[in-house]
């Protein structure tokens, strides 16, 4: 609502009251105010304190062109408001500033507090407490040395964390101050908290305050716990706790759950059912009226320090004039005298012998004191009882909620058939321990480790006793990093949990025929909300959606999140109509989300349904689901119009061709096939002339069993995959091969018939491509011989694809070579011819193909005869009529190709998918092989001199001993190396070492020279006779002398390498003897 400048032009009190009334009315009806004509700071401050959200006028700047206005704003430090901050300040703007309460708005970023607004009543209040103004109060709040500052920031942290109302009572200058606050808006790490304060001791005299303070502390000291139950608000507010800290109040939501959890954790097991009946708020009024006391008391054994249970009195006192909507729950200990206990209450026996335990005591200690969750069933698998940990883990209020029901009734088991089979074994006398299992708790898959034993009576098995522990908790306690299966944002399963659940469903389907449904639910508006409002608001949408889904699913299935706003829902079903009905409920539930984090929104849900009986493997299902969730269909109608306008171009095609539309039904699957266009060749092939006839024909195929046409159409139309298949056509009495490819808009696909053969419809189908990839990868990665494993994989690919040749080209710089090859019998190898070729000349054209596709695919070289004559001629000369090559990469750079020549298309083999995946694994295998070669080289060679090191020599010694031939050993020491390093530096010393190794390589076999470390080298002359060894040793000395390399040399020839150790010792001794003589001669010359 725009407030005319005439109101501001008048300085009368009447005009100001009119403006204030208008602003207050705006807030009351949910609209906002804009005041124009603001020319002075006084007017601006008045409007701000009145709560006017928007102002304009000369106070900020004169009217000017748009670009100049932006420059002006930048100069004045005024920022452009983003969509996220707009929602933040719009929410603040809805606060009514015109109130008599002590109102303030605080902005808090987790570290510092800033006052956004404080009304006059609030300013007056803080002045009575010693602060001159809000700026001084702001300094005190942000002073880390003040205890009150720390307390107040913790209070703001709580307000920010859950955006609920929180209260804080604190003492300042002998005044009890009560603050009530709630976070009203958050954005980018900053939160706005609305706070009102009141002095709750303002009307007390000093003596009354001291007396109240003293009495309250003494009263609270008597009680271990005092809580206020608010039935209308369903909250529990701790008023006093055992440590005496009663100044800070925190209302806890879901009071019923709090009571149940308190009972399970803190009330003795035998008293639990009686305690829950005592805390039943629905019958409280009737019970108090019957007692005629105005309150109720009960005696229960309650957990105290060190894990003990002590008898305590629990008292329920309704607050007067609240109609039993507010009840105080007070707990305090009994003195311990037996006279204090009411008659009929079971008490411990005073005459029991010390150290003796009853069976009942042992049983109760075991099932209620252990961290394990225990349960017991009858022979029909119906639950008869459970421990408190079982109830806590499953979230049940009491045993009565499960008694008489089976695991199937409760919807807890992922593999119901397997569990029943195992229970049958236990009922036959088998004991099961440490068995892993996945169960569903509140829509989330939990991994447990469980055991089960039969229960006997008079020699007959009457039921089973079972127990389990949480596997993730066990991993934490053993110090291992747990494998998380829970999504941190939504609390549902993450992608790992989804995969594990899906594998469990597929195993149940394969083993027991229990079909399951898998729903892919995505919210298209998620990414727009993420970009516009930020991560926190987007996460709020995810949490809200997850809550809706979990509420609908309950315990009947599992819920997980894959990517962005993509959810996966898994559950077993009996009839597909219930799946359709469930999809409707889910869509409506998501559409009911209209606000997230204070921002209005409109969201929808898109759902796709798949069934276990569709036979789609886990990996492909999840991969394509993520792709679907990221896809976009904007502008598809324009693409459709442009495509259909060109239909004349396709009339001349000799290949049968049809353009199809695949609209989605309410169940998330393709509802029908609509033929938008088909050429003359297609009509002739099937004998169908009109588009309507073809539409009916293709739609009818969607409902046929054991036929993947519908799935292929979906993958092409919505996932942009190109797939091949075969279908036996009875009227034609033959199998037709076809290709389904993505169409020009999302939801459309292209169908092309590639010809047919005389195969029958009983033709066996190959194993799935997924299975082949898994088998080949395992074969590749587990083999130790690199070349043998690669050759074997190429052979398996060739047999699987029925092609002429499978090969690998490796690229080094601008050269390319054929390094591996498999050829079908009768096909001539070309590997020798294809070595060290110029990449640009031989394979440069492949780069052009990779710009438009992930692989090089040429199904028929005749198709490129006119467009790529050079490639056509090259392939034609090699007798290649079809080719497919998947690129291989190393460090994101092209390193080669995995290719096949003259392949045959098959329904079972998605060749492109197979080659691209195996190209990745072959690249990784080569990387590992090259890395191991590099590591092996580094471990066996001296990087400075280029000869082998001691590690290599040790391995060589073993080989020499085994061969046991004659051997010459030359031990060498480079004299005065340390003196050289100390005098001239290590660079000169390194140069002497390199000269030394170069000289040794010129005399001795280069592959048998080793640097032992420092200045010592050794060389072996394998198989040398005695005379040749002496000559080599003599040549070595001459070469050293001729190059002025001062060395000490020791040599030893041995007839058999079996005495190698002794020979090396002798050679080393001779070398040191010569070194000593050299030093002695040098000293003599100096003297």
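A few points about this structure:
- Computed over the alpha-carbon pairs of the stretch 1-80, the distance histogram in 5 Å steps reads 3, 14, 24, 23, 16, 11, 7, 1 percent, short to long.
- For 329, 892, order by how many other beta-carbon atoms lie within 10 Å, fewest first: 892, 329
- Mean projection area, nm², convex hull over Cα of the stretch 367-483: 7.6 nm²
- Stretch gain in nm, segment residue 295-residue 680, where the contour uses 0.36 nm per residue and the Cα spacing is subtracted: 129.6 nm
- Rg/Rh for the stretch 84-202 stands at 0.94; both radii use Cα atoms, and Rh follows the Kirkwood definition.
- Theoretical FRET efficiency, 1/(1+(r/R0)^6), r = Cβ-Cβ of residue 791 and residue 401, R0 56 Å, to 0.05: 0.35
- Value of Rg/Rh across the stretch 766-808 [Cα atoms, Kirkwood radius]: 0.97
- Cα-based equivalent ellipsoid of the stretch 1027-1072: semi-axis lengths in Å, sorted from largest, via gyration tensor: 23, 13, 5
- FRET efficiency, residue 280 to residue 465 (Cβ-Cβ, R0 35 Å, nearest 0.05): 0.70
- Treating r as the C-beta distance of residue 1012 and residue 865 and R0 as 56 Å, the FRET efficiency rounds to 0.25.
- Counting 0.36 nm for each residue step from residue 778 to residue 827 and taking away their Cα separation leaves a gain of 14.8 nm.
- Pairwise centroid distance, computed over Cα atoms, of the stretch 983-1055 with the stretch 1-39, Å: 101 Å
- Span from the the stretch 570-613 Cα centroid across to the the stretch 908-978 one, whole angstrom: 58 Å
- Fewest neighbouring Cβ atoms within 10 Å first, the residues 124, 225, 891 line up as 891, 124, 225.
- Taken over the stretch 941-1086, the ratio of Cα radius of gyration to 2.2 N^0.38 Å equals 1.04.
- Global geometry of the stretch 911-984, whether rounded, prolate or oblate, following the gyration tensor of its Cα atoms and the 1.5 cut on a/c: oblate
- Convex hull volume of the C-alpha atoms in the stretch 498-547, normalised per residue: 88 Å³.
- Fraction of the pair-distance distribution of the stretch 795-905 above 24 Å, Cα-Cα pairs, percent: 19 percent
Every number here is computed from the coordinates shown, using simple stated rules; none is lab data. Bear in mind that the values here come from a model prediction, so they are computed numbers and not experimental data. All Cβ positions, glycine included, derive from the backbone under ideal geometry; neighbour counts span all protein chains shown.
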